[in-house]
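S.K.: Okay, here's the structure, questions in a sec.
Laboratory data are not the source of any read-out in this text; all were calculated from the coordinates shown. Worth saying up front: this structure is predicted, and the values here are computed from it rather than measured. Cβ placement follows ideal geometry from the backbone for every residue including glycine, while neighbour counts extend to all protein chains displayed.
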Amino acid sequence: MAIAAALWGASYMFIKVALDDDVSEGAIIFIRTALGAAVLVPLALRAGALRPLLERGWWNVVIAGLQVIVPFALITWGENKVPSALAGILVASSPLFIALLAIRLDSAERARGWSLVGVLLGMAGVVLLFGVDLSGDGDTLVGGLMILGAALSYALAALVVKRRFTGVPSVGVAASTIALSAVAYLPLAVLTWPTSTPGADTIASLLALGAGGTGIAFLLYYALIAEYGPARAAVIAYIAPAFAVVYGVVLLDESLTVGTIAGLLLILAGSWLAAQGRLPGLSRTGLSRSSEPAPVRAR
């Protein structure tokens, strides 16, 4: 989870570097998904993980749209208007959307008790960010809303994966999702391909974004959904922002305001409570971790 969060947290920085070098949004998304597919498809073929996907039919296209095609577009275009660190923070609202959507879609993931408190806390953090860091002009507000839309799409995708792809190897789901998305963005990439060769830092950023932040990170994420369920897998969404903030401030010289820090803390605390349904250090029944028996996992 930490590795996936570090890779995902860096993705916002890599996108910003490419955008600043005038690489088009369509080209960025195609390059990252094509490179991600180059990592994942051979692994899926070797594991025989693509055949079970045939039984899911058009659901493969649905999950590709929710997990990659729509949110990648919203994040990439949104980062034209907001800093990379802020984009990473707003995406952390994904567990909050899972808890809200579960009210109608999945009773097992429904927010109760501390989970409901977490949803309210996290939403307060989002409101704070929009009131302080995104209150400058209309373009910034639109960018923030686009990033929130990506978080909502990720939440829907997690619930669909749980309901429709149970028993399908995670590497197969990841490979199919990324490959279908690369095909979808190929026409746009051809139309908007850069007329000049990007700089070395941009090329390196795109390589890291595709192979690491898309290929490896998505593989780990789907494995976590299969093992722990969508709510707990979404914990990545509030670890990654910490990396995104550090990368943005240290490497891209982005500003770090009091409002950003307060919004980040509220969203992270809210997401923890929403996903875990307990205070840190306590089990869901209120016992300390030390008093619980060690978990037994099937091998």
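S.K.: Given the peptides 68-74, 92-98, arrange them by the average over their residues of other C-beta atoms within 10 Å, most packed first.
M.R.: With the highest mean Cβ count within 10 Å placed first, the list reads 92-98, 68-74.
S.K.: Treat the count of other C-beta atoms within 10 Å as a stand-in for reagent exposure and order K81, K16 from fewest to most.
M.R.: Arranged by neighbour count, lowest to highest, K81, K16 become K81, K16.
S.K.: In debye to the nearest 20, how big a dipole does the chain give about its Cα centre with +1 on each Lys and Arg Cβ and -1 on each Asp and Glu Cβ? Let's see the in-between values first.
M.R.: On the way: 18 positive and 16 negative charges, 325 e Å.
Here the size comes out at about 1560 debye.
S.K.: For the range 48-103 and the range 158-217, compute the distance between their C-alpha centroids and round to whole Å.
M.R.: Measuring centre to centre over Cα atoms gives 12 Å.
S.K.: I've got another one for you. Averaging sequence separations of C-alpha pairs under 8 Å and six or more residues apart, then dividing by the length of the chain, give the relative contact order as a whole percent.
M.R.: This gives 40 percent for the chain.
S.K.: Right, something else. Indicate the gyration tensor shape class of the chain (rounded, prolate or oblate), computed on the Cα atoms with a ≥ b ≥ c the square roots of the eigenvalues: a/c under 1.5 is rounded; otherwise a/b larger than b/c is prolate and the rest oblate.
M.R.: Because a/c hits 1.5 or more and a/b fails to exceed b/c, the chain counts as oblate.
S.K.: Please give the contour-minus-distance gain from A124 to L256: 0.36 nm per residue of separation, less the Cα-Cα distance, rounded to one decimal in nm.
M.R.: Working: separation 132, 0.36 × 132 = 47.52 nm, distance 1.89 nm.
Stretched fully, the A124-L256 segment lengthens by 45.6 nm.
S.K.: Related question: Using a simple spin-label model with points 7 Å from Cα along the Cα→Cβ vector, what separation in nm is obtained for D20 and R46?
M.R.: Going by the 7 Å Cα→Cβ label model, 3.6 nm.
S.K.: Same structure, new question: Peptides 208-216, 161-169, 242-250: what's the order by average Cβ count within 10 Å, highest mean first?
M.R.: 208-216, 242-250, 161-169
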